[in-house]
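Worksheet for the structure shown next.
The values are calculated or read from the model by the stated rules, or taken from the named source; none is laboratory data. Small disclaimer: the values here were computed from a predicted structure and weren't measured. Here the Cβ positions follow ideal geometry from the backbone for every residue, glycine too, while neighbour counts run over all protein chains shown. Areas reflect the complete protein model, heavy atoms only, side chains present, ligands, DNA and RNA absent. Shrake-Rupley method; radii C 1.70, N 1.55, O 1.52, S 1.80 Å.
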Amino acid sequence: LGYSQVIVKNANRLEFNVGDLFKGFLNYWNAVCLTLLINVYTFLWTLLLFVPGIIKGLSYSMSYYIYIDNPTLTPKECITKSKEMMKGYKAKLFRLQLSYIGWEILCVLTFGILTLWVEPKINTAVYTLYQNIKKEKTI
């Protein structure tokens with residue numbers, strides 16, 4: 001959650017510092033519950049088949065950003081809103097993430113060092129997609 005908040009600040013060109021990474025601990029239980037619910041739901045769908053797990057993972061991908069925008073929501077409500085928001089946009093998010101496959105391969109070849117530069121870029125692109133979807137839909 002703290003990392004997502006830093007991504008939000010960076011994408012909005014706001015100043016941030018290392019302490020912002022730990023602001024997720026202010027809402028510790030909600031952050032833990034949200035992460036657990038996303039991981040458990042995705043895992044259970046993956047048990048059914050691999051492809052439904054990927055689709056549900058894409059459906060739940062905006063939950064953290066929704067929680068950052070609306071900290072009064074429960075983790076389950078964030079996941080529900082993320083599912084509603086991603087209706088019709090899962091393929092777009094999949095293509096966006098797939099466009100970074102070359103960078104991800106380079107991350108593996110550099111033993112993860114390049115990840116320090118690539119992952120923030122990918123997550124900023126996903127947040128930008130979130131902002132665009134939010135403008136089109138009311139969540």
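When each of the peptides 54-60, 110-116, 121-127 is scored by how many other beta carbons lie within 10 Å of its residues on average, the order from highest to lowest is 54-60, 121-127, 110-116.
Would you work out the charge dipole size for the chain about its Cα centre, treating the Cβ of every Lys and Arg as +1 and the Cβ of every Asp and Glu as -1, and quote it to the nearest 20 debye? Intermediate results must be reported in sequence, preceding the final value.
Details: 15 positive and 8 negative charges, 88 e Å.
Once rounded to the nearest 20, the dipole reads 420 debye.
Tell me the Kirkwood radius of the chain: reciprocal of the mean inverse pair distance over distinct alpha-carbon atoms, in Å. Can you show the working numbers first?
Values: mean 1/r = 0.0631 Å⁻¹.
Averaging 1/r across every pair of different Cα atoms and inverting gives 15.8 Å.
In terms of distances greater than 20 angstrom between alpha carbons, the cross-link table entries LYS56/LYS90; LYS92/LYS121; LYS23/LYS137; LYS23/LYS87; LYS87/LYS137; LYS90/LYS134 yield LYS23/LYS137; LYS23/LYS87.
Report the full-extension gain for the segment TYR100 to THR46: residue separation times 0.36 nm, less the Cα-Cα distance, to one decimal in nm.
Values: separation 54, 0.36 × 54 = 19.44 nm, distance 2.28 nm.
Stretched out fully, the TYR100 to THR46 stretch lengthens by 17.2 nm.
May I ask you to give the percent of accessible area on the range 89-139 that is carbon plus sulfur, with a probe radius of 1.4 Å? Can you show the working numbers first?
Details: 2370 of 3470 Å².
The computed percentage sits at 68.
What accessible area per residue, rounded to a whole number of Å², is obtained for the chain using a probe radius of 1.4 Å? Averaged over the residues of the chain, the accessible area is 63 Å².
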